[in-house]
Amino acid sequence: MVDYNVNGKVAVVTGGTRGLGLYSAEILALSGAKTVVISSRKEKACQEAKEYLDKVAKDAGKSCSIIAIAADLADEKDCKRFFDETAKQVDKVDILIANAGASWGAPLDQHPISAIKKVLHLNVVAVFQCIQLFAPLLEAAGTAEDPSRILIMSSVASISPFDVGGVYGYLASKAGVSHMGKNLALTLGPSNVTVNSLAPGFFPTKMSNGVLEIAGEVLTEGNPRKRLGVKEDIQNAVLFLCAKQSNYINGIVLPIDGGAHLGLLGSKL
Ligand SMILES: NC(=O)c1ccc[n+]([C@@H]2O[C@H](COP(=O)([O-])OP(=O)(O)OC[C@H]3O[C@@H](n4cnc5c(N)ncnc54)[C@H](OP(=O)(O)O)[C@@H]3O)[C@@H](O)[C@H]2O)c1
C-alpha cells in the first residue's frame, strides 16, 4: 500500500481559516505535519480555525502544532510581518500553500477598476510576495529526494474563460498566477523546491456561494461528473502534491473540476 504523508513537515497555508485553505490545512494536520501555520485577515477567524484544527488533530491522535497569524497579505508591510512572525515561530518551512484569494463580479460597463486592481493584487502580487519571502526557507528545507513544495491555489478559470458573472479580474489573475507558477517552477526547481498550481472548479465556499446560488444547478448538470467539488477532492490533491511520491512533478496546473475545463460547462451535446 502506498503511504502518502507529510510526516514531520512544517506547512504554511495562507487563507487557511475557511474554505479550500482550511481543507488543505486539515489534511496536512491529519497526515503527519509537525506544524501548520494558517493566516487570514481576521483574528477571530484565525483563532476559531486554530481551535477547529487542534481538535481535529487531537481526535485523530495526531500531534500537530497549529499556529494562527492574522495578517492582510494584500498589504505589502503586513505580508512581510506575517513572514517575520512565522519565521520566528518555526524552525523550517517545507510547504507553502498560497491559497488566499478573492473575486469580484460585475458587468463590463459597471466593473470598477478598483475591484480589478484589488483582485489582481491579492491573487497575483501577494502570492508573488509570499513566495519571494518564503523561498529561502523552502530552499533550505528541500532535498533532491524530497523537495519543498509550493502549491498555488489557482482556478479552472486559469484554463477556461467561462464566466458566470463578469469576473474579469479574477480570470486574468488566475491565468496570470498559474503562468507565474510555471516560471517559478523553472526558477526554483534546481534549488529543490517544486511549484505546482491547483485549478479547482466550483466548490461551495463563502467565495463561491453567490455564484452557486444563481448557477449551482446549471454548473452541476453541465459538469461531466454531475457534481460540484467536495472537501476530499481538494485534500487528496494537496496531500499527493505535498507527499514524497510526487517529488518529480513540477510546473503543472492540475484541474480538480470533474472535467469541466474541457468545454462549455463540460457538457457533451
Ligand atoms: N471555491 C471555489 O469554487 C474555488 C474555485 C477555484 C479556486 N478557488 C480559489 O481557492 C482559494 C480559496 O478560495 P475559497 O473559495 O476557499 O474562498 P473563501 O472561503 O472566501 O476563503 C478565502 C480565504 O482567504 C482569506 N483572505 C481573503 N483575503 C485575504 C487577505 N487580503 N489577506 C489574507 N487572507 C485573506 C480569507 O480570510 P479573511 O476574510 O479573514 O481574510 C479566507 O481564509 C482562492 O484563491 C480562490 O480563488 C476557489
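What follows is calculated from the coordinates using simple rules that are stated; it is not laboratory data. Just so it is clear, the structure is predicted and the values come from calculations on it, not from any experiment. For neighbour counting, all protein chains shown are included, and Cβ atoms are generated from backbone atoms with ideal geometry for every residue, glycine included.
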Note down the nm distance, to one decimal, between modelled labels 7 Å out along Cα→Cβ at ALA106 and at LEU186.
3.7
Quick one: angle between helix 76-89 and the longest Cα principal axis of the chain, in degrees between 0 and 90, rounded to 10, please.
30
Bins of 5 Å, starting at 0 and running to the largest distance - Cα pair percent for the stretch 141-269:
2, 11, 19, 21, 18, 13, 9, 5, 2, 0
Of every Cα-Cα pair in the stretch 6-160, the percent that sits beyond 18 Å:
58
Would you mind checking the tilt of helix 209-221 against the longest principal axis of the Cα atoms of the chain, expressed as 0 to 90 degrees and rounded to 10?
70
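Treating only the Cβ of Lys, Arg, Asp and Glu as charged (+1, +1, -1, -1), what charge dipole size does the stretch 195-264 show about its Cα centre? Round to the nearest 20 debye. Walk me through the numbers before you get to the answer.
Values: 6 positive and 6 negative charges, 45 e Å.
Dipole size: approximately 220 debye.
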Nearest 10 degrees is fine. How inclined is helix 231-242 to the longest principal axis of the chain, computing both from alpha carbons?
50
Placing unit charges on C-beta atoms (Lys and Arg positive, Asp and Glu negative, everything else neutral), compute the dipole magnitude of the chain about its Cα centre in debye, rounded to 20.
60
Taking every alpha carbon pair in the chain and sorting the distances into 5 angstrom bins from 0 up to the bin holding the longest one, the percent per bin comes out as 1, 6, 13, 18, 20, 18, 13, 7, 3, 1, 0, 0
